[in-house]
1. Report the rotationally averaged projected area of the range 77-141 based on its alpha-carbon convex hull, in square nanometres.
2. With every protein chain present, what is the per residue accessible area of the range 51-110 (1.4 Å probe, Å²)?
3. In debye to the nearest 20, how big a dipole does the range 77-141 give about its Cα centre with +1 on each Lys and Arg Cβ and -1 on each Asp and Glu Cβ?
4. Over the range 93-136, what is the relative contact order in percent, taking alpha-carbon pairs closer than 8 angstrom and at least six residues apart?
5. Do you know the relative contact order of the range 54-135, to the nearest whole percent, from alpha carbon pairs under 8 angstrom that are 6+ apart?
6. Any idea what the alpha-carbon Rg over 2.2 N^0.38 Å comes to for the range 24-132?
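The values are calculated or read from the model by the stated rules, or taken from the named source; none is laboratory data. If you're wondering where the values come from, they're calculated on a predicted model, not measured in any experiment. Cβ coordinates were reconstructed from backbone atoms using ideal geometry, including for glycine residues, and neighbour counts include every protein chain displayed. Each accessible area value is taken on the protein alone, full model and side chains, heavy atoms only, with ligands, DNA and RNA left out. Shrake-Rupley method; radii C 1.70, N 1.55, O 1.52, S 1.80 Å.
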Amino acid sequence: FFFFKQKTAYEICACLVGSEMCIRDSWRALPRSLEELHLQGGDLHKLPHWDVLPGSLRRLTLRAVKGLTALPRSLAWRVPTLQELCLAGNELASLYGLVEALPVLCLVRLDLRGNPVAKGGLADIDRILRMVCARLADVQL
């Protein structure tokens, strides 16, 4: 299930698109004014390359994406004004890698439920994330 929002909402369901190539082709040019992008389920290799994410994103959801073990370091400068990031149900295991990739300027909500990284010392993880992201008000582990 893929959903992205500009001023209106759009859905692209993998089952309705003919082939994997068609899905990847549809991601080559996301609108520069895109503010919300919600990707749920599926395989990491079928999702758009990180390079197509517009800097205007305010909300990004990558929920239960098979093979999502880390975020690219470039995420922080690709989406510097990101306010909400949902990474629930993935395979993120490295707190260091996560902190390195987070866009820290505007992030106020972070959802890490269901990831191996969220199974450690929850109080320590919460404290570290809040030190790195000064505006972070809501952390879900």
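1. Averaging across all directions leaves 3.7 nm² for the Cα convex hull.
2. I get 43 Å² per residue for this part.
3. 100
4. Here the relative contact order equals 56 percent.
5. Normalised by residue count, the contact order of the range 54-135 is 30 percent.
6. Dividing the Cα radius of gyration by 2.2 N^0.38 Å gives 1.02.
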